[in-house]
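Remarks on the structure that follows.
The values are calculated or read from the model by the stated rules, or taken from the named source; none is laboratory data. Small disclaimer: the values here were computed from a predicted structure and weren't measured. With ideal geometry, Cβ positions are generated from the backbone for all residues, glycine too; neighbour counts draw on all protein chains shown.
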Amino acid sequence: MNEAMVIDQQQPLSLEKAGNQEDLLARFIAFIDAAPNTVRTYTTSLKQWFKYLYDYQVQNPTPETVRQYRHQLAMDGKKPTTIQNYIVAVKQFFKWTEEEGLYPDIAKHVKGAKISTEHKKDYLTSSQARQVLTLLSEDQSLKGKRDYAMLALMLTMGLRTVEVSRANIEDIRTEGDSTVLYVQGKGHIEKDAIVRMPNHVEGAIRAYLQARDVSDGSAPLFASVSHQNNGQRMTTRSISGIVKQSFIQAGYNSPRLTAHSTRHTAATLNLLNGATLEETQQLLRHVNLQTTEIYAHHLQAAKNKSSQRVDNAIFGS
């Protein structure tokens with residue numbers, strides 16, 4: 001057996017002997033053959049790991065090194081989701097080094113950060129969502145029509161900001177007797193998922209596109225109206241800012257209400273109005289049903305009247 005594969009040997013193979021860090025990172029990135037966003041995430045994460053090794057003068061990292069790194073990330077104030085991403089990158093990297101016979105998989109049994117299953121963002125009630133959209137509908141400018149159509153789409157169809165940004169006009173198509181939007185989901189390289197478009201949303205989008213007067217199907221579905229970027233694809237940052245501002249305008253100014261709240265709103269209102277978990281999973285395009293079950297669990301907890309029964313017993317009904 002190659003000595004690099006022996007994890008518990010007294011003097012494990014040094015990463016320096018396996019090759020310089022830039023070369024190792026480049027070879028690893030080429031190996032995973034991932035989407036650009038994933039490549040950026042792994043590159044950033046692993047540069048942080050190599051910096052940690054350099055700062056602490058570690059040449060032969062062990063499982064304990066990874067655990068200490070995880071602890072240091074927490075001490076530096078990194079959020080659990082960030083720590084989890086960093087550790088996942090380290091785990092994938094050392095899985096590759098072992099397969100290549102370069103270095104043992106020291107991160108195999110190291111756990112990532114503990115991430116709460118509680119939603120970090122709130123959702124809007126049906127009346128709150130209606131109020132947000134009503135205020136937006138009062139602005140009949142091109143920007144107003146765009147923002148109204150975009151918010152209506154996000155609140156009813158549950159799209160992420162990146163999915164809204166990626167959408168083109170030609171992605172609106174017909175399936176059966178319904179109008180649908182083809183969506184390129186998170187981590188996907190193709191627009192391989194469809195979401196049914198409600199009649200109200202379709203009407204708002206077509207009114208916006210008519211006012212915009214664009215015929216190129218490959219043009220972005222929602223375009224910037226700023227002087228510098230007029231007609232260009234909107235960024236996720238600009239979309240998030242518009243959503244946040246629309247919430248504030250309607251009187252809902254909370255750090256727990258963000259663009260991602262539109263996705264929570266779609267899921268929660270869907271379940272409240274009789275949808276099954278499977279239907280909601282398909283709407284949100286969750287890979288695992290367990291992710292969707294979090295919404296149902298929260299709704300059951302909110303409907304639990306136990307505290308009111310106790311209150312009635314103590315204070316009288």
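Can Glu278 be described as more than 24 Å from Arg130 (Cα to Cα) and surrounded by 11 or more Cβ atoms within 10 Å (Cβ to Cβ)? For Glu278, the condition - more than 24 Å from Arg130 (Cα to Cα) and surrounded by 11 or more Cβ atoms within 10 Å (Cβ to Cβ) - is not met. Close contacts from segment 23-37, counting a first residue that is among the hydrophobic types (A, V, I, L, M, F, W, C) and a second that is surrounded by 13 or more Cβ atoms within 10 Å (Cβ to Cβ) and in a helix (DSSP H, G or I), with Cβ to Cβ under 6 Å and a gap of 6+ residues or different chains, come to Leu25/Leu46; Phe28/Phe93; Phe28/Trp96; Ile29/Val39; Phe31/Trp96. Among the residues making up segment 187-211, those that are surrounded by 12 or more Cβ atoms within 10 Å (Cβ to Cβ) and farther than 16 Å from Ala152 by Cβ are His188, Lys191, Ala193, Ile194. Selection of segment 61-75 for residues being modelled with pLDDT under 90 and either part of a loop (DSSP other than H, G, I, E, B) or surrounded by 16 or more Cβ atoms within 10 Å (Cβ to Cβ) (or both) yields an empty set. Checking each residue in segment 76-90 for being out of contact with any helix residue (DSSP H, G or I) (no Cβ under 8 Å at 6 or more places or on another chain), without any contact (Cβ under 8 Å) to a residue 24 or more places away in the chain and surrounded by 14 or more Cβ atoms within 10 Å (Cβ to Cβ) picks out no residue at all.
Consider segment 41-66 and keep the residues that are of a type in the set (A, V, I, L, M) and touching a residue at least 24 places away in the same chain (Cβ under 8 Å). The one that is nearest to Val90 (Cα to Cα) is Leu46. Filtered by the rule that a residue be within 16 Å of Gly185 (Cα to Cα) and touching a residue at least 60 places away in the same chain (Cβ under 8 Å), segment 268-298 gives Leu283, Leu284, Arg285. Here segment 212-227 is the region considered, the condition is being of a type in the set (D, E, K, R) and surrounded by fewer than 14 Cβ atoms within 10 Å (Cβ to Cβ), and the residue that is farthest from Val162 (Cα to Cα) is Asp213. Listed by first and then second residue, the pairs linking a residue in segment 96-110 that is of a type in the set (Gly, Ala, Ser) to a residue that is in a loop (DSSP other than H, G, I, E, B), with Cβ atoms under 9 Å apart and 6 or more places separating them unless they lie on different chains, are Gly101/Asn2; Ala107/Pro61. Report yes if His264 is in contact with an Asp or Glu (Cβ under 9 Å, 6 or more places away or on another chain) and either outside the structural domain of Ile194 (by TED's automatic domain parsing) or closer than 17 Å to Ala129 by Cα (or both), otherwise no. Judged against the criteria, His264 is a match.
The residues of segment 267-282 that are within 19 Å of Asp122 (Cβ to Cβ) and out of contact with any Asp or Glu (no Cβ under 8 Å at 6 or more places or on another chain), listed by number, are Ala267, Thr268, Leu269, Leu271, Leu272, Asn273, Thr280. Against the numbered list (1) in a loop (DSSP other than H, G, I, E, B); (2) within 28 Å of Ala296 (Cβ to Cβ); (3) in contact with a Pro (Cβ under 9 Å, 6 or more places away or on another chain); (4) hydroxyl-bearing (Ser, Thr, Tyr), Tyr103 comes up short only at (2).
The residues in segment 231-289 that are farther than 26 Å from Ser137 by Cβ, outside any helix (DSSP H, G or I) and under 16 Å from the mean Cα position of the chain (by Cα) can be counted, and the count is 4.
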